[in-house]
Amino acid sequence: MLALIASPALAQKRGEPPITATTQASGGPIDPARAALHLEHVDLAIEVFPDTNRLQGTATLTLTTSEPQTRLLIDLDRNLPVSALSLDGKALDAGKWSNPEGRLAIALPRPLKAGGRAVVRIVYGGTPHVAVRAPWDDGLVWAKTPGTQKPWVATTAEGYGCDLFWPCLDFPKGEPDMVDLHITVPAGLKAPANGTLQKIDTLPDGRTTWHWKARSPNPYSVAIDVAPYEEVSGVYLSRFGPKIPMNYWYLPGREAKAAALFQEFAPTLDFYESLIGPYPWYDEKVGVVETPHLGMEHQTINAYGNNYRKTPSGFDEIFQHELGHEWFGNQMSAANWDDYWLHEGYAQYMQPLYGRWREGEARYAVMMDEFRLQIRNHAPIVSGRILTEEEVYEDEKGGPGQDIYVKGAWVLHTLRNLIGDDKFFEVTRRLVYGRPDPKPGNFKPRLSSTPEYIAIVNQVTGTDMNWFFDVYLKQAALPELIETRTGDTLSLKWKTPNDRPFPLPIEVQVDGKVRLVAMPGGTAALDVPAGAHVVIDPDSRVLRRSEAVEAFQKQVRIR
């Protein structure tokens, strides 16, 4: 795909201009004064200059604070220098702000009291950092459309953060209540973005300004996408009542493939609504835009760059995965990157569940087996610390990496089989909506965490399930089931890291008959006739250590 769209000249600029460690880090421990800030409203006007790979912007931030402030700390890449700044309508001298490392510090003429509000207008611009390998790292992608060689521009910011192209609070709780986006692009180009389109203004020279309004976008999900897009649209009649606009912006010349992908929108939405609950942004839109990178969960304007590739599952897994993040990531956002298995594990698990919804248990089992072969167990899914995005997503930084996807999915699979569908999906609804009975209008976007999730599981099941999560989430190694057969007795024992309690029951099939074996204390003994054929966990309901999987993974690595 990249070979089709990136010219050699553009490729040489990847990774330039360099960014500081401050800009590269997103999340992590937050200074209390910065954490006390809240964005009520952002008015962001950005002009995109594809010919020179530059941006020019004016951001008006309406901030409140829960603690007294003598200065404001706003995240902004220093490659986008500030040329003017005002506070509550009054211009500040250039000496009142500085940005040596990518965190704009604004000295306040007078202290801002706890509960106070300030309106900061920041005029900035320059050459933003160009992504090396989006979406696995971040920045601007300056590309050309296949054939016509027209500009094709996209942003990604999950890893390095929103400060790559706009002044923001670059941590999960920095989510603004409302954003107005005004994106100005050259003549002939379009700029679909988050939320609802308010209007399009055409300037005398043919440039257009696209005004979008979005509520509560995750900081990294604010996105800019520019190209000579075509559009296919329709309306989804939600099973909860609302008529929801559906829009897909695609590149010219791909009409047939775009139409085929668009046919997946409504069935996928119906799956999520039937299993989880109402589409969270029912009052805005379901939006997807074709991008020169693989994909990203940009709220109501999900990035799609899978080149219309299908797998044996029969559906576009990138489209389906990113749409899942409208529930797991955008409606429910983790307050700490350390808890992002709630985003990725759930979104990943929705794929085999969708396969099951479409085709049945066989498809589900095949897809879960594919995930099982990818689990690495190099680090715990949850560390219990406040982490940056990179410390979670990157193996080389000691994080769990892809395990938050595939191991997270298997943890959820095991939990569902343990507590049953009714309780599992009630847990899920409470996580996503904060209540078990979501309907349009009775829920708002929310922040969550692993401790809250465990508390929800305990509440819904009426039992203490901490032992389950202590082993699966907080330890790297998987529990191992030790089997010993002596005469007519089969003994089972769970072996866990640091001998942690693990009373997980297990199904045992003896000569074709299956029974669920309780394992209080992590052990069990059952009578099994000599010579009987025994299969442990015949339907693969439980995530546990497998020597066969480990041998396969070792073989693949050697190859």
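Shown here for the range 189-283: chymotrypsin sites (Phe, Trp or Tyr not before Pro) in loop regions (DSSP other than H, G, I, E, B) with at most 15 other Cβ atoms within 10 Å, namely 240.
With the simple spin-label model, which puts each label point 7 Å out from Cα in the Cβ direction, the residue 515 to residue 177 separation comes to 6.1 nm. Treating r as the C-beta distance of residue 52 and residue 483 and R0 as 45 Å, the FRET efficiency rounds to 0.10. In sequence order, the range 463-471 has phi-based couplings of 9, 7, 9, 4, 4, 4, 6, 4, 7 Hz under the Karplus curve 6.51 cos²θ - 1.76 cosθ + 1.60, θ = phi - 60°, and Gly or Pro positions carry x. Other residues lying with their Cβ under 12 Å from the Cβ of residue 68 contribute a combined charge of +2, Lys and Arg counting +1, Asp and Glu -1.
Projected over every direction and averaged, the convex hull enclosing the alpha-carbon atoms of the range 154-198 yields 4.0 nm². Taking each DSSP H run with n ≥ 4 as -39500 (n - 2.57) and averaging over every residue of the chain yields -7000 deg cm²/dmol at 222 nm. The mean sequence separation of alpha-carbon pairs under 8 Å and at least six residues apart, normalised by the residue count of the range 361-472, gives a relative contact order of 18 percent. FRET efficiency for the residue 16 to residue 556 pair, using the beta carbon distance and R₀ = 30 Å, is estimated at 0.25. If one computes P(r) from the Cα atoms of the range 277-399, what percent of pairs lie at distances over 22 Å? Taking all Cα-Cα pairs of the range 277-399, the fraction more than 22 Å apart is 44 percent. Relative contact order, whole percent, for the chain stands at 10, derived from Cα pairs under 8 Å and 6 or more residues apart. Applying a threshold of 25 Å to the alpha-carbon distances of 243/310; 493/513; 474/513 flags 243/310; 474/513 as lying beyond it. Over the range 39-150, accessible surface divided per residue gives 46 Å², non-protein components excluded, 1.4 Å probe. Only helices reaching 24 angstrom along their own axis (Cα) with mean Kyte-Doolittle hydropathy no lower than -0.5 count here, and not one DSSP H run of the chain does. When the trypsin sites (Lys or Arg not before Pro) in the range 193-262 are filtered for DSSP coil states and for at most 10 other beta-carbon atoms within 10 Å of their beta-carbon, no site remains. From the alpha carbon centroid of the range 307-327 to that of the range 134-156 is 21 Å. Accessible surface of the chain, 1.4 Å probe: 51 percent of it comes from carbon and sulfur atoms.
The values are calculated or read from the model by the stated rules, or taken from the named source; none is laboratory data. Keep in mind it's a predicted model, so treat the numbers as computed, not measured. Positions of Cβ are backbone-derived with ideal geometry, glycine not excepted, and every protein chain shown enters the neighbour counts. Protein only, heavy atoms only, side chains kept; ligands, DNA and RNA dropped before computing areas. Shrake-Rupley method; radii C 1.70, N 1.55, O 1.52, S 1.80 Å.
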